[in-house]
């Protein structure tokens, strides 16, 4: 039976393309992405604009981005053990792979409406893979503050 975890970010100021959340596969286990989301936050209304978001699986030799921070996956069942996979958020230098990245969702949303992706059958992240939930806009208008995250089931 899988264990469900959540990796979230709150009131993050985004000004350009960035990796909102990255998952690095854990040894001997695999993950399934259940949901990804972001929404506007903060006391200042963001400039009206569309934001482009993409979710990708990065196989082969996967290199995490930089400029962000380590994130701790939080178990949604308080009795579950710590996750085997690791996570990051807010990387301004984007993750890369020596293989061919597989796009599992790419969409644009108006900043006021937010973004929600909940696939019927979420993609799997193998132990050697990475998953990146990213903002792909090169330049945003004004200050944009977002909160969001991803939900992940870990198997094995």
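Results, tabulated for the structure shown:
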read-out: Residue, nearest to residue 51 (Cα to Cα), within segment 110-156, restricted to residues that are more than 16 Å from the chain's Cα centre (by Cα) and crowded, with 16+ Cβ neighbours inside 10 Å; value: 111
read-out: The lone exception for residue 108 - which of (1) in a loop (DSSP other than H, G, I, E, B); (2) more than 14 Å from residue 6 (Cα to Cα) it fails; value: (1)
read-out: Search result, residues across segment 1-39 that are part of a strand (DSSP E or B) and farther than 30 Å from residue 139 by Cα; value: 3, 4, 5, 30, 31, 32
read-out: Lone unmet requirement of (1) part of a strand (DSSP E or B); (2) within 17 Å of residue 17 (Cβ to Cβ) for residue 46; value: (1)
read-out: Conditions (1) modelled with pLDDT under 95; (2) over 17 Å from residue 145 (Cα atoms); (3) in contact with a strand residue (DSSP E or B) (Cβ under 6 Å, 6 or more places away or on another chain): number failed by residue 26; value: (3)
read-out: Residue list for segment 55-84, restricted to those being part of a strand (DSSP E or B), surrounded by fewer than 18 Cβ atoms within 10 Å (Cβ to Cβ) and touching a residue at least 60 places away in the same chain (Cβ under 8 Å); value: 74, 75
read-out: Any pair with Cβ under 9 angstrom, 6 or more apart, that starts in segment 85-112 at a residue that is touching a residue at least 24 places away in the same chain (Cβ under 8 Å) and at positive phi and ends at one that is surrounded by 14 or more Cβ atoms within 10 Å (Cβ to Cβ) and not in a loop (DSSP other than H, G, I, E, B); value: 90/9; 90/12; 90/14; 90/18; 90/19; 90/20; 90/21; 90/71
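The values are calculated or read from the model by the stated rules, or taken from the named source; none is laboratory data. All values derive from a computational prediction rather than experimental measurement. As a convention, Cβ positions derive from the backbone with ideal geometry for all residues, glycine included, and neighbour counts pool all protein chains shown.
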